[in-house]
1. Determine, for each peptide in 143-155, 193-205, 44-56, the mean count of other beta carbons within 10 angstrom over its residues, then list the peptides with the highest first.
2. Residue separation times 0.36 nm, minus the C-alpha to C-alpha distance between residue 176 and residue 82: what's the value?
3. Sort 79, 87 by Cβ crowding within 10 Å, fewest neighbours at the top.
4. Along each principal axis of its Cα atoms, how long is segment 17-138 end to end? Whole angstroms, biggest number first, please.
5. Over the Cα atoms of the chain, what is the Rg over Rh ratio if Rh follows Kirkwood?
6. To test your reading of the geometry: what angle, between 0 and 90 degrees and rounded to tens, separates the Cα axis of helix 228-239 from the longest principal axis of the chain?
7. By how many degrees, 0 to 90 and rounded to 10, does the Cα axis of helix 45-65 deviate from the longest principal axis of the chain?
8. In Å and whole numbers, how far do the C-alpha atoms of segment 87-147 stretch along each principal axis, longest first?
Ligand code: IPE
Ligand code: IPE
Ligand code: MG
């Protein structure tokens, strides 16, 4: 009689095999180096921005697969308006196009979209796309992807202070917890890991309040080349860190 062979269930270890530690709850990424990536190839900076924007899709999937719950992506800083107007216009157009083309798939994948930064200086059409995407995906729970666009950490703190004053908050009631509630995404946890591509070692006005105890990881890899194996390298580095939060452990 033939022996009945039980079907074997092969666990999908591919994504987590190199990162057995619990993943960071919140990863934030400074997506830098699009311009250098393009100039190394004799391409225009705008072609670099297109390649960089297209990379966002695979990186969202890679972090989601590894169980990261919150992913914040620095896409455009309050200082990036000072770039040549043609580059600013191209960046706005590319990002707007990508929001439109990707949102349905992100929604199907259970991704909740959020935005941090100023909306009032964006073209009305882009403002509308952002608000509609946030509204459409607001009940999703697999992972929150927060896009920092026209974001500056200093501007965020200034708007928080202004809103507190407008609400009549008394000086003695100002606390770290209250200030946090006035930030753009006050309900999100602080980033555990901040990744910066392209070798620069600075925050460039990114999450300066929330980054107080984040771990930093920088890599010379330029953003359009930052792939799934680079995600593993960053998470492996994080897994090896000892976080002390000022205590003796
Ligand atoms: C990051 O790439 C994208 C944005 C800042 C919008 P860069 O455009 O800063 O690329 P580099 O740093 O000049 O190579
Ligand atoms: C930081 O990169 C902003 C984003 C990645 C969106 P920049 O290229 O603007 O930063 P600096 O000028 O090198 O500090
Ligand atoms: Mg740069």
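Taken together, the values in this text are just the output of simple stated rules run on the coordinates, not laboratory data. The structure displayed is predicted, hence computed values, not measured ones. Heads up, the Cβs are rebuilt from the backbone with ideal geometry, glycines too, and the neighbour counts pull from every protein chain shown.
1. Numbers: 143-155: 21.0, 193-205: 17.8, 44-56: 19.3.
With the highest mean Cβ count within 10 Å placed first, the list reads 143-155, 44-56, 193-205.
2. 30.6 nm
3. In order of increasing Cβ crowding within 10 Å: 79, 87.
4. 44, 36, 24
5. Taking Rg over the Kirkwood Rh, I get 1.02.
6. Helix 228-239 and the main axis of the chain meet at about 80 degrees.
7. 60 degrees
8. Over segment 87-147, Cα extents along the principal axes are 33, 20, 15 Å.
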